[in-house]
Amino acid sequence: MNTLEWTRRAVIAAATATVAMSGMARADGHQMMDSVHFLIPGGAGGGWDGTARGTGEALMNSGLVGTATYENMSGGGGGVAIANLIENAKSSHGTLMVNSTPIVIRALTGEISQSFRDLTLVAGTVGDYAALVVTADSPINSMEDALASYRESPEDFAIGGGSVPGGMDHLVAAIIMQGAGEDPTAFNYIGYDAGGEAMAGLLSGEIDALSTGFSEAVALADQGEIRILGVTSPERVPAYDAAPSFVEQGIDAQFVNWRGFFAAPDLPQEQLTAYQDMLASMMETPEWETIRARMGLVNIFRPGDDFATFLEAQEKQIGDLMRDLGFL
């Protein structure tokens, strides 16, 4: 190989490496990034962890990314990871942080000192609708029955959830009751430490109904343990279309616990576009569909400005409700 040819190849190789690092697509039109590092604001095994690792798995399995790495950084309700991403912004351009609805709730309550506005919004990717469920052998067969039972004896009708009062399961139950024309502050909510304990409370008869994630509800409905009274989706979810939406029952109750990705503040526009293109491409692959179905989530891809508009609307919905409930 002569010097000119060697130089030409070196220039091409350097250009290819630069493009790969910036996240743009390779010449073969397939792999879009060499590597992605996922920052997870909680411990192993949680929803954030599963979403980040599932996304990384789909990116690698589909060939869109060469390597995905993961870092769990618990603490402060997610605040430790958010602060780390902000403080190390200049060295974190290769990092995507996963988060979900709690970043909105915890910023409103002051549990974390930052909000989604302090980060670069990459995209919302998936979501889990919420559901109100009863045991399979409950005399309550519909949302109409549940409301009739509540109106007959409000103090005796208990709705439980796997979060403390003011947490997400409580807020969802309040959204449902408010949508049905009831006072969202008046119903009896019983909070449990986790979803598993709340489900045990339902099955043992401690509570009449349970506010929970739709994906969790579907798994138990398939086992014949519970009946789903309604889902907080705009229409029936194809994955389990036996469950009616609240909307079709005349109850204005829509809510989705989204999951999505954020990057360090002041991320270059070229890198942001590359991340968004990469995630958009991933969501069209069969590899992602396999993982999405396994997680029981629905696709709600919202990049950039669409993501910001959605978050602002959710912040207003939750903020208004939390003020009504006396938590703000």
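The values are calculated or read from the model by the stated rules, or taken from the named source; none is laboratory data. In this text, all values refer to a predicted model and were calculated from it rather than measured experimentally. So basically every Cβ, Gly included, is an ideal-geometry build from the backbone, and we count neighbours across all protein chains shown.
Out of the residues in region 201-214 that are modelled with pLDDT under 95 and within 24 Å of the chain's Cα centre (by Cα), state the one that is surrounded by the fewest Cβ atoms within 10 Å (Cβ to Cβ). Of everything passing the filter in region 201-214, 213 is surrounded by the fewest Cβ atoms within 10 Å (Cβ to Cβ). Across region 271-293, a minimum of one residue is classified as surrounded by 16 or more Cβ atoms within 10 Å (Cβ to Cβ), under 16 Å from the mean Cα position of the chain (by Cα), in the same structural domain as residue 121 (by TED's automatic domain parsing) and not in a helix (DSSP H, G or I).
Conditions (1) among the hydrophobic types (A, V, I, L, M, F, W, C); (2) more than 21 Å from the chain's Cα centre (by Cα), marked per residue:
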| site | (1), (2) |
| --- | --- |
| 171 | yes, no |
| 174 | yes, no |
| 181 | no, yes |
| 186 | yes, yes |
| 189 | no, yes |
| 195 | no, no |
| 216 | no, no |
| 227 | no, yes |
| 233 | no, no |
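When we screen 169, 128, 137 for residues that are crowded, with 23+ Cβ neighbours inside 10 Å and farther than 30 Å from residue 264 by Cβ, the only hit is 169.
Residues in region 86-116 that are outside any loop (DSSP other than H, G, I, E, B), in contact with a helix residue (DSSP H, G or I) (Cβ under 6 Å, 6 or more places away or on another chain) and charged (D, E, K, R): 106 alone. Kindly list, by first and then second residue, each pair from a residue in region 29-46 that is assigned to a strand (DSSP E or B) to a residue that is among the acidic types (Asp, Glu), limited to pairs with Cβ atoms under 8 Å and residues at least 6 apart or on different chains. Pairs found: 37/71; 38/71; 39/71; 40/49; 40/71. Look at region 65-82: where a residue is within 13 Å of residue 53 (Cβ to Cβ) and without any contact (Cβ under 8 Å) to a residue 60 or more places away in the chain and a partner is among the hydrophobic types (A, V, I, L, M, F, W, C) and loosely packed, with under 15 Cβ neighbours inside 10 Å, sitting 6+ places away or on another chain with Cβ atoms under 8 Å, you get 72/44. Taking the criterion of being touching a helix residue (DSSP H, G or I) at 6+ places or on another chain (Cβ under 9 Å) and in a helix (DSSP H, G or I), the residues of region 248-270 that qualify are 249, 270.
If you take the residues in region 294-314 that are aliphatic (A, V, I, L, M), part of a helix (DSSP H, G or I) and in contact with a helix residue (DSSP H, G or I) (Cβ under 7 Å, 6 or more places away or on another chain), which one is farthest from residue 238 (Cα to Cα)?
Let us first name the residues in region 294-314 that are aliphatic (A, V, I, L, M), namely 295, 297-298, 300, 308, 311, 313.
Checking the rest, the ones that are also part of a helix (DSSP H, G or I) come to 295, 308, 311, 313.
Within this subset, residues satisfying the condition of being in contact with a helix residue (DSSP H, G or I) (Cβ under 7 Å, 6 or more places away or on another chain) are 295, 311.
Details: 295: 15, 311: 25 Å.
Residue satisfying both the conditions and the ranking: 311.
Residues checked against (1) among the charged types (D, E, K, R); (2) modelled with pLDDT under 95:
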{"site": "73", "(1), (2)": "no, no"}
{"site": "95", "(1), (2)": "no, no"}
{"site": "111", "(1), (2)": "yes, yes"}
{"site": "132", "(1), (2)": "no, no"}
{"site": "163", "(1), (2)": "no, yes"}
{"site": "167", "(1), (2)": "no, yes"}
{"site": "183", "(1), (2)": "yes, yes"}
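Of all the criteria given as (1) modelled with pLDDT under 95; (2) within 19 Å of the chain's Cα centre (by Cα); (3) not in a loop (DSSP other than H, G, I, E, B), the one not satisfied by residue 155 is (2). Checked against (1) of a type in the set (Ser, Thr, Tyr); (2) in a helix (DSSP H, G or I); (3) under 15 Å from the mean Cα position of the chain (by Cα), residue 149 passes all but condition (3).
Going through region 83-96 one residue at a time, which ones are of a type in the set (Val, Ile, Thr) and more than 19 Å from residue 50 (Cα to Cα)? Before the answer, list the steps.
If we filter region 83-96 for residues that are of a type in the set (Val, Ile, Thr), which is where we start, we get 86, 95.
If the condition is that a residue be of a type in the set (Val, Ile, Thr) and more than 19 Å from residue 50 (Cα to Cα), then 86 is the only one that fits.
Of all residues in region 102-129, those that are closer than 15 Å to residue 262 by Cα have Cβ atoms under 6 Å from Cβ atoms of residues that are of a type in the set (Gly, Ala, Ser) and surrounded by fewer than 21 Cβ atoms within 10 Å (Cβ to Cβ), 6 or more apart or on another chain, in 121/308.
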